[in-house]
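Shown next, in structure tokens, is the structure this report addresses.
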Amino acid sequence: NAGVTQTPKFRILKIGQSMTLQCAQDMNHNYMYWYRQDPGMGLKLIYYSVGAGITDKGEVPNGYNVSRSTTEDFPLRLELAAPSQTSVYFCASSYSDRNTGELFFGEGSRLTVL
Amino acid sequence: QKEVEQDPGPLSVPEGAIVSLNCTYSNSAFQYFMWYRQYSRKGPELLMYTYSSGNKEDGRFTAQVDKSSKYISLFIRDSQPSDSATYLCASLSGGYNKLIFGAGTRLAVHP
């Protein structure tokens, strides 16, 4: 099992550019999440999904969009990149029948917006 | 006020020391609490979770929750250099396994 796979690992964007961060999981999890991690700030929830076709906003959704067409994939779209979106982005997934807070994270995608 | 507060450290201890990592939370409705460990340039991984108040032990690690003071602790006994990482406390917030994280405490255990 690969677990949660994120691509790309690193990316530099110019202000105003757009891009998509890819996330795939092979654990058949219904729940998937996107978090961003800034130094000294912990992880903040951007968007989450409870199944294919169902997505909802987290704490910091502005400037981002998501889609969930399959159970496996949960891409995060950045439109009109801004320096404030410089961060490390983590995708995660979890079982839907266990309310234990166990999330399985990918290794992260480091994004710099210049 | 942040819902989960955590001193970011860094904390540096000698090998073999007992480490105490702490968080406070503000929402009385929080019932489930987790500790995640994150190695440098890696994703977080769940270390332990506890429900409501009390202690939970797993090897050298003990998680403690005091709901009366809204205090969460993680103790590491006989700390090892391999314990050097960032430790994040978290609480379940609403359904769907959504988590609220603390800022994370960076721990360095030196030989």
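Residue by residue, here is whether (1) within 11 Å of another protein chain (Cβ to nearest Cβ); (2) in contact (Cβ under 8 Å) with a residue 60 or more places away in the chain; (3) out of contact with any strand residue (DSSP E or B) (no Cβ under 7 Å at 6 or more places or on another chain) holds:
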{"position": "A:2", "(1), (2), (3)": "no, no, yes"}
{"position": "A:8", "(1), (2), (3)": "no, yes, no"}
{"position": "A:22", "(1), (2), (3)": "no, no, no"}
{"position": "A:34", "(1), (2), (3)": "no, no, no"}
{"position": "A:39", "(1), (2), (3)": "yes, no, yes"}
{"position": "A:45", "(1), (2), (3)": "yes, no, no"}
{"position": "A:55", "(1), (2), (3)": "no, no, no"}
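Among the residues of the stretch B:65-111, those identified as without any contact (Cβ under 8 Å) to a residue 12 or more places away in the chain and crowded, with 16+ Cβ neighbours inside 10 Å are B:96, B:97, B:98.
Take the conditions of a type in the set (Gly, Ala, Ser), within 14 Å of chain B (Cβ to nearest Cβ) and on the phi < 0 side of the Ramachandran plot and apply them to residue A:69. Does it pass? Taking the combined requirement at face value, the residue does not satisfy it.
Scanning the stretch B:24-33 turns up one or more residues that are without any contact (Cβ under 8 Å) to a residue 12 or more places away in the chain, surrounded by fewer than 20 Cβ atoms within 10 Å (Cβ to Cβ) and more than 11 Å from the chain's Cα centre (by Cα).
Could you list all residues from the stretch B:14-34 that are aliphatic (A, V, I, L, M) and in a loop (DSSP other than H, G, I, E, B)?
Kept after step one, since they are aliphatic (A, V, I, L, M), are these residues of the stretch B:14-34: B:17-19, B:21, B:29, B:34.
Listed by number, the residues that qualify are B:17, B:18, B:29.
For the stretch B:43-52, the set of residues classified as modelled with pLDDT under 95 and either assigned to a loop (DSSP other than H, G, I, E, B) or more than 8 Å from chain A (Cβ to nearest Cβ) (or both) consists of B:48, B:50, B:51, B:52, listed by residue number.
The values are calculated or read from the model by the stated rules, or taken from the named source; none is laboratory data. On a predicted model such as this, the values are computed, not experimentally measured, just so you know. Don't worry about glycine lacking a Cβ; one is built from the backbone with ideal geometry, like all the others, and counts go over all protein chains shown.
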